[in-house]
1. Has segment 84-99 got any residue that is in contact (Cβ under 8 Å) with a residue 12 or more places away in the chain, surrounded by 19 or more Cβ atoms within 10 Å (Cβ to Cβ) and not hydrophobic (A, V, I, L, M, F, W, C)?
2. Go over the candidates L41, L52, L103 one by one and state the one that is in contact (Cβ under 8 Å) with a residue 12 or more places away in the chain, more than 23 Å from G195 (Cβ to Cβ), of a type in the set (A, V, I, L, M, F, W, C) and in contact with a Phe, Trp or Tyr (Cβ under 6 Å, 6 or more places away or on another chain).
3. For N58, are the conditions met, namely being surrounded by 14 or more Cβ atoms within 10 Å (Cβ to Cβ), in contact (Cβ under 8 Å) with a residue 60 or more places away in the chain and polar (S, T, N, Q)?
4. Looking at I126, I157, which is the one that is at pLDDT 90 or above, more than 21 Å from E47 (Cβ to Cβ) and either polar (S, T, N, Q) or in contact with a Leu (Cβ under 8 Å, 6 or more places away or on another chain) (or both)?
5. Determine if segment 15-35 includes at least one residue that is of a type in the set (D, E, K, R), under 27 Å from I168 (Cα atoms), in contact with a helix residue (DSSP H, G or I) (Cβ under 6 Å, 6 or more places away or on another chain) and surrounded by 13 or more Cβ atoms within 10 Å (Cβ to Cβ).
6. Kindly indicate whether any position in segment 169-185 is farther than 21 Å from Q70 by Cβ and in a helix (DSSP H, G or I).
7. Which residues, taken from segment 66-118, are closer than 23 Å to L52 by Cα and of a type in the set (D, E)?
8. Go through segment 15-58 and report how many residues are acidic (D, E) and either within 30 Å of G94 (Cα to Cα) or touching a Lys or Arg at 6+ places or on another chain (Cβ under 9 Å) (or both).
Amino acid sequence: MIRFVVARYQENVDWTNGLPCAVIYNKGATPPNSKHPAVSLPNLGREGLTYLHHIIENYDQLDDYTCFLQGNPFDHTPRLEQHVSAFQRKLDAGQAVPGYEPLSKNIYTINLCYDTTDFSLHALLIDTYRKVFGRSKTDHTFTFAAGAQFIVSREAIRSRPKSFYEAIVPLMSYSVHPPEGFALERFWGMIFTHGE
């Protein structure tokens, strides 16, 4: 089964009413317009802190697959329904599916240490990488899916201990828009695939 986790602020989330199993994490002042349960959270840490909250709170009872989405997922994933349906059909047919499936129309390849177009982002990525993974890198090329939306298996999440995710929380929980959130958006694939 796929559980949908939606990080919502003020977005209209009535699109979630067509989902079979979802939870809405609401950081806005108004209640979400969804038939699914809503959990109120402080408006901190962008979508990354919301995802971390769900992982940490549900670590021992995670669903087979979790689909993490923003309140308006369609900017980054206009064909969301088709992507998820194709993934579900493979599951239903017993076909092999990846433990981490990015959901974005834009997949980028970047280098951690040699992005000379934006030196502030360059420094942020290096610093956040060290804090998340516990070591420094001088060169690392990787891909990321813009928008931080993906399907991930229970096994891929649990391939790291709960303490790993708990250690990231302080990087995200001090501000509504912590700069580290932009780095974490780039790191989810490495986190779940050990591609660091």
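The values are calculated or read from the model by the stated rules, or taken from the named source; none is laboratory data. Since this is a predicted model, take the numbers as computed values, not measurements. Note: ideal-geometry Cβ built from the backbone for every residue, glycine included; neighbour counts use all protein chains shown.
1. No, because not a single residue in segment 84-99 is in contact (Cβ under 8 Å) with a residue 12 or more places away in the chain, surrounded by 19 or more Cβ atoms within 10 Å (Cβ to Cβ) and not hydrophobic (A, V, I, L, M, F, W, C).
2. Going through L41, L52, L103 in turn, just one is in contact (Cβ under 8 Å) with a residue 12 or more places away in the chain, more than 23 Å from G195 (Cβ to Cβ), of a type in the set (A, V, I, L, M, F, W, C) and in contact with a Phe, Trp or Tyr (Cβ under 6 Å, 6 or more places away or on another chain): L41.
3. no
4. I126
5. no
6. yes
7. D75, E101
8. Going residue by residue through segment 15-58, those that are acidic (D, E) are 47, 57.
This time we only want the ones that are either within 30 Å of G94 (Cα to Cα) or touching a Lys or Arg at 6+ places or on another chain (Cβ under 9 Å) (or both), so: 57.
Number satisfying all stated conditions: 1.
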